[in-house]
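The values are calculated or read from the model by the stated rules, or taken from the named source; none is laboratory data. Being a predicted model, the structure only gives us computed values, none of them experimental. Cβ placement follows ideal geometry from the backbone for every residue including glycine, while neighbour counts extend to all protein chains displayed.
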Amino acid sequence: MNKCKYLIMLLFGIVCSTHGQQKQEWEHRIPKEAFPPTALELLKPYLKNAKRIRFYQEKDGQKVSFESKFKLKRIFYSVEFDQKGVLEDVEFIIAPYDMTNETWETISNYLETNYDRYRIKKIQQQYILNGTAKTTLKQAFQNLILDTNNFEIIIAYRTPKGFKEMELLFNTSGKLLSKRASEPQKYDHVRY
């Protein structure tokens, strides 16, 4: 009987741990009025000269957040807030040559050794909340290279059953921080 309980607990743990690594994100566009007012106030100075301004509500499992996407000075930004309007992170699309050579070399070595026939779909530089929201926003919009930055990379790679997507998060030295399988989406939102 004890072996049976142990086996059931082990199987339950495996199922829970693999489910937690699956990215099932869902975004839908919302009107500006539905966006948290405190978040709008923080973004106000940056949205003055921005183009293609969009607002989204995002659900990732149990977590609900709000995201503003826009283009400013030829760069596509994505600024994410929680339900109360507290800044979570700022991301913008970059190319591999925007990273240091050492960082890109470390990341590409990781990709080469761990994924067969992969293709990079998107690379984003990520500024997580570091200090105050105003400081983090200022650093992100000045495109400062900081040790606290991360790089989020989405790849498509080959498996025996076809192609899959993976979201990888690296720090500025190229060390893998996290990875999770990503479900291809039907896009009701701008992809940046």
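With the condition kept exactly as written, say whether any residue in the range 60-71 is touching an Asp or Glu at 6+ places or on another chain (Cβ under 6 Å) and acidic (Asp, Glu).
Yes, the conditions are met somewhere in the range 60-71.
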Problem set entry | Residue among Arg158, Arg191 that is surrounded by fewer than 15 Cβ atoms within 10 Å (Cβ to Cβ) and either within 23 Å of Arg74 (Cβ to Cβ) or at pLDDT 95 or above (or both) | Arg191
For this session: Report, ordered by the first and then the second residue, all pairs with beta carbons closer than 9 Å, sequence separation of six or more or different chains, a first member in the range 88-113 that is free of Cβ contacts under 8 Å to residues at least 24 places away in the same chain, and a second member that is assigned to a helix (DSSP H, G or I).
Result: Tyr97/Trp104; Ser108/Pro96
Exercise. (1) over 20 Å from Lys71 (Cβ atoms); (2) in a helix (DSSP H, G or I); (3) under 16 Å from the mean Cα position of the chain (by Cα): which one isn't true of Ala140, the others all being true?
Worked result: (1)
Problem set entry | Members of the range 149-167 that are in contact with a strand residue (DSSP E or B) (Cβ under 7 Å, 6 or more places away or on another chain) and free of Cβ contacts under 8 Å to residues at least 24 places away in the same chain | Phe163, Lys164
Exercise. Here are some residues: Ile120, Ile107. Which one is more than 30 Å from Thr38 (Cα to Cα), surrounded by fewer than 17 Cβ atoms within 10 Å (Cβ to Cβ) and touching a Pro at 6+ places or on another chain (Cβ under 9 Å)?
Worked result: Ile120
For this session: Would you confirm whether any residue within the range 37-50 is under 25 Å from Phe151 (Cα atoms), modelled with pLDDT of 90 or more and not in a helix (DSSP H, G or I)?
Result: yes
Exercise. On the given criteria, is Ser178 at pLDDT 90 or above, surrounded by 11 or more Cβ atoms within 10 Å (Cβ to Cβ), small (Gly, Ala, Ser) and assigned to a strand (DSSP E or B)?
Worked result: yes
Exercise. Out of curiosity, is Gly131 in a loop (DSSP other than H, G, I, E, B) and free of Cβ contacts under 8 Å to residues at least 12 places away in the same chain?
Worked result: yes
